[in-house]
């Protein structure tokens with residue numbers, strides 16, 4: 001996922017050995033044809049964010065993504081959103097992620113789906129994106145900034161790599177009106193690993209980085225997912241990565257939503 005904590009800590013938390021093959025094996029066990037995979041087949045295993053593929057499609061439409069757009073997906077993990085943007089919206093996508101095992105797994109899945117000409121994967125720090133100024137039409141990020149305390153630098157970097165009047169599209173958990181949140185969360189076992197701001201604070205921070213808001217939607221209810229005890233596919237990425245810890249994370253997440261401790265926002269900004 002993305003940077004902010006020490007890179008070794010991030011890799012230790014998120015990293016999993018042979019994750020790509022683990023995902024393929026789980027898909028095969030679920031009856032998927034590995035020689036004819038689609039982005040819908042892999043969605044439970046590679047869309048590692050609230051709302052899954054449906055949320056990715058919603059944000060892409062909100063942002064007005066179109067064929068030929070050059071997109072940088074920051075913290076794009078296993079590449080599910082990137083492959084969706086390429087396959088269904090015709091975009092050319094570069095994925096930047098800090099976790100080495102995710103980058104390897106993402107490249108394997110992209111090759112398997114035959115999308116290597118439109119999606120590429122690169123390991124790197126979200127706080128120092130290794131790209132030229134104005135290199136992208138769109139910066140895209142879904143659930144990738146929660147472990148990053150220096151959000152001002154994060155969005156300054158997004159501003160730098162976007163062309164003038166380019167688009168920033170985000171989906172991000174934010175602090176709700178009732179605090180503190182309950183742990184564990186998907187991205188953090190304890191408060192020291194989590195850095196959430198309230199929506200008004202986040203919006204102001206992003207605007208100070210040189211952006212103008214175009215859309216700002218609370219999508220907490222839409223991205224809620226299944227509650228405790230609901231069936232989760234064995235090949236879901238949440239189950240594959242979090243294992244037995246997922247049940248406690250799901251219970252905490254439901255309470256955080258119901259009690260207003262964490263909200264989910266999708267937003268689109270134009271670069272000034």
Among 91-99, 181-189, the order from most to least packed when residues are scored by Cβ within 10 Å on average: 91-99, 181-189
Only helical DSSP H runs with n ≥ 4 go in: add -39500 (n - 2.57) per run for the chain, normalise by residue count and round the 222 nm mean residue ellipticity to 500 deg cm²/dmol. -11000 deg cm²/dmol
Test of understanding: express the Cα radius of gyration of segment 73-124 as a ratio to 2.2 N^0.38 Å, with N the residue count. 0.96
Take peptides 159-168, 204-213 and line them up by average Cβ neighbours within 10 Å, highest first, as a rough protection proxy. 159-168, 204-213
Considering only the chain, percent of DSSP beta bridges that pair antiparallel, nearest 5: 45 percent
Among [x] 24.2; [y] 25.0; [z] 12.5, the entry matching mean projected area of the Cα convex hull in nm² as calculated here is [z]
By how many nm would the segment from residue 163 to residue 242 lengthen if fully extended, with 0.36 nm per residue of separation less the alpha-carbon distance? 24.7 nm
Extent along principal axes [Cα atoms of segment 7-147; Å; largest to smallest]: 43, 36, 27
Relative packing of 194-200, 81-87, which averages over residues the other C-beta atoms within 10 Å, highest first: 81-87, 194-200
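Throughout, read-outs are computed from the coordinates displayed, never taken from laboratory work. Values in this document were obtained by computation on a predicted structure and should not be read as measured data. Glycine also receives a Cβ, built like all others from the backbone with ideal geometry; neighbour counts cover every protein chain displayed.
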